[in-house]
1. Taking the condition of being small (G, A, S) and closer than 21 Å to Y80 by Cβ, how many residues in segment 123-176 meet it?
2. In segment 173-196, which residues are free of Cβ contacts under 8 Å to residues at least 60 places away in the same chain, over 23 Å from the mean Cα position of the chain (by Cα) and either part of a helix (DSSP H, G or I) or closer than 17 Å to Q59 by Cβ (or both)?
3. I'd like the full set of residues that are under 12 Å from the mean Cα position of the chain (by Cα), in a loop (DSSP other than H, G, I, E, B), in contact (Cβ under 8 Å) with a residue 40 or more places away in the chain and surrounded by fewer than 22 Cβ atoms within 10 Å (Cβ to Cβ), limited to segment 83-99.
4. Which residue pairs have Cβ atoms closer than 8 Å, lie 6 or more positions apart in sequence or on different chains, and pair a first residue in segment 122-134 that is in contact (Cβ under 8 Å) with a residue 60 or more places away in the chain with a second residue that is small (G, A, S) and crowded, with 16+ Cβ neighbours inside 10 Å?
5. Could you tell me whether segment 135-153 includes any residue that is more than 24 Å from A192 (Cβ to Cβ), among the basic types (K, R) and either out of contact with any His (no Cβ under 7 Å at 6 or more places or on another chain) or modelled with pLDDT of 95 or more (or both)?
6. Inspect segment 109-126 for any residue being closer than 15 Å to W139 by Cβ and part of a helix (DSSP H, G or I) and give the result as yes or no.
7. Among the listed residues Y102, Y80, which satisfies the condition of being surrounded by fewer than 21 Cβ atoms within 10 Å (Cβ to Cβ), part of a strand (DSSP E or B) and of a type outside the set (K, R)?
8. Could you tell me which residue of segment 101-134 is nearest to P166 (Cα to Cα), considering only residues that are of a type in the set (D, E, K, R) and under 13 Å from the mean Cα position of the chain (by Cα)?
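The values are calculated or read from the model by the stated rules, or taken from the named source; none is laboratory data. Note that this is a predicted model, so its numbers are computed, not measured. Cβ atoms come from the backbone with ideal geometry, glycine included; neighbour counts cover every protein chain shown.
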Amino acid sequence: MIASPTTPLIDSEQRLVLSDIGWQQYETLRSTLDNVPGLRLTYFQGCLEFFMPSPEHEQLKSILGRLIELFSIETNTRLYACGSTTYRKQAKERGLEADESYCINQLKEFPDLAIEVALTSGGIDKLSVYKGLEIPEVWFWEGETLRLYCFQDGEYQQISRSIVLPNLEIDLLVRCALMPDQFDAAVAFRNALKVK
């Protein structure tokens with residue numbers, strides 16, 4: 001379909017889930033498809049999800065990352081961006097690429113914080129994948145809400161305040177991320193941090 005100047009082109013997220021995929025098949029597909037821009041793979045105990053994010057998805061994950069990195073600079077918090085690095089554990093049969101991920105204080109094999117933007121439902125339950133990877137904190141953006149989960153005693157518990165970034169005001173982050181202009185959002189967020 002070719003969009004005319006008056007007809008907006010609506011891009012949607014694309015998702016395909018396959019069953020009965022072995023770990024070695026996942027590894028082979030992951031390495032074969034590494035150069036496909038934007039493609040994300042999620043593996044969970046024999047199920048493999050192929051996911052192509054929409055522009056809206058990418059804009060949301062980018063503004064969240066931009067604001068978190070701005071918070072890091074303004075508060076002298078040692079934060080190391082890992083982006084959409086692939087994290088895998090063969091023994092747990094799990095692997096995925098977070099939308100954004102960060103290590104606190106120093107780079108590590110697995111991040112302290114992973115962020116997922118979920119604009120559509122369906123597919124593999126990512127919190128189950130993260131559980132096997134034992135990522136300390138995972139945030140899910142769903143609709144206009146940010147839900148935070150902390151890994152404790154082998155399970156994820158929903159929390160209202162970040163454990164890994166305890167000084168970050170989540171309400172402020174969400175308000176700014178919802179602003180229609182990314183530049184204005186970053187300026188408003190920075191100004192609010194300076195007032196503190």
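1. First, pick out the residues of segment 123-176 that are small (G, A, S): 123, 128, 132, 143, 154, 160, 162.
Filter once more, keeping what is closer than 21 Å to Y80 by Cβ: 162.
Adding up the residues that qualify gives 1.
2. Step one: list which residues in segment 173-196 are free of Cβ contacts under 8 Å to residues at least 60 places away in the same chain, which gives 174-175, 178-181, 183-184, 187-188, 191-192, 195-196.
With the extra rule that they be over 23 Å from the mean Cα position of the chain (by Cα), the set shrinks to 191-192, 195-196.
Listed by number, the residues that qualify are N191, A192, V195.
3. Answer for segment 83-99, where residues must be under 12 Å from the mean Cα position of the chain (by Cα), in a loop (DSSP other than H, G, I, E, B), in contact (Cβ under 8 Å) with a residue 40 or more places away in the chain and surrounded by fewer than 22 Cβ atoms within 10 Å (Cβ to Cβ): just S84.
4. K126/A118; V129/G95
5. Within segment 135-153, the subset more than 24 Å from A192 (Cβ to Cβ) is 135-136, 138, 149-153.
Next, only the ones that are among the basic types (K, R) stay: none.
Checked segment 135-153: no residue is more than 24 Å from A192 (Cβ to Cβ), among the basic types (K, R) and either out of contact with any His (no Cβ under 7 Å at 6 or more places or on another chain) or modelled with pLDDT of 95 or more (or both).
6. Quick first cut of segment 109-126, residues closer than 15 Å to W139 by Cβ only: 111-119, 126.
Still in the running and part of a helix (DSSP H, G or I): 126.
Checking segment 109-126: at least one residue is closer than 15 Å to W139 by Cβ and part of a helix (DSSP H, G or I).
7. Numbers: Y102 fails: surrounded by fewer than 21 Cβ atoms within 10 Å (Cβ to Cβ).
Exactly one residue qualifies, and that residue is Y80.
8. Just the residues of segment 101-134 that are of a type in the set (D, E, K, R), to begin with: 108-109, 112, 116, 125-126, 131, 134.
From what is left, the residues that are under 13 Å from the mean Cα position of the chain (by Cα) are 112, 116, 126.
Working: D112: 13, E116: 19, K126: 24 Å.
Among them, the one singled out is D112.
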